[in-house]
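The values are calculated or read from the model by the stated rules, or taken from the named source; none is laboratory data. Every value quoted in this text rests on a predicted model; they were computed, and no experiment measured them. Note that we place each Cβ from the backbone using ideal geometry, even for glycine, and neighbour counts take in every protein chain shown. Each accessible area value is taken on the protein alone, full model and side chains, heavy atoms only, with ligands, DNA and RNA left out. Shrake-Rupley method; radii C 1.70, N 1.55, O 1.52, S 1.80 Å.
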Amino acid sequence: MKDTIKKGMALGLGLAVASKEQAQKMMDDLVKKGEMTRQESKEFMNEVLKKGEEKQTEMDSMMHEKTAKMLSDLNVATKEEVKRLEHRIVELENQLNKPE
């Protein structure tokens, strides 16, 4: 499952990079045609990147919530639960091995 998530994130990153390059090319073309100044182009790209980062943060949060819900629905033990059980097993083993 981790591999699937990693592949999805890599695909998203690849699309984001391609989109950024496409957007930059469009901005450069508009500047060359005189329809936009270099400063306007820079400000626009900064705004697009800022909004992209905000959306990425939202998506990361949503994915985290969905993954946590899915694991909860599947009743998968958390790391803390496993550690607590391991500790309990060690304690029980120690009690069993105590000479009376």
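Data overview
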item	result
Residue in the range 50-73 that is most open to solvent (accessible area, probe 1.4 Å), counting only those that are modelled with pLDDT of 90 or more and among the hydrophobic types (A, V, I, L, M, F, W, C)	62
One residue from 85, 49 being in contact with a helix residue (DSSP H, G or I) (Cβ under 8 Å, 6 or more places away or on another chain) and either of a type outside the set (Ser, Thr, Tyr) or part of a helix (DSSP H, G or I) (or both)	49
Residue within the range 16-36 that is open to solvent by 100 Å² or more (accessible area, probe 1.4 Å) and either among the hydrophobic types (A, V, I, L, M, F, W, C) or outside any helix (DSSP H, G or I) (or both) present	yes
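Residue-by-condition table, conditions (1) open to solvent by 100 Å² or more (accessible area, probe 1.4 Å); (2) at pLDDT 85 or above:
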{"residue": "44", "(1), (2)": "no, no"}
{"residue": "48", "(1), (2)": "no, no"}
{"residue": "75", "(1), (2)": "yes, yes"}
{"residue": "92", "(1), (2)": "no, yes"}
{"residue": "96", "(1), (2)": "yes, yes"}
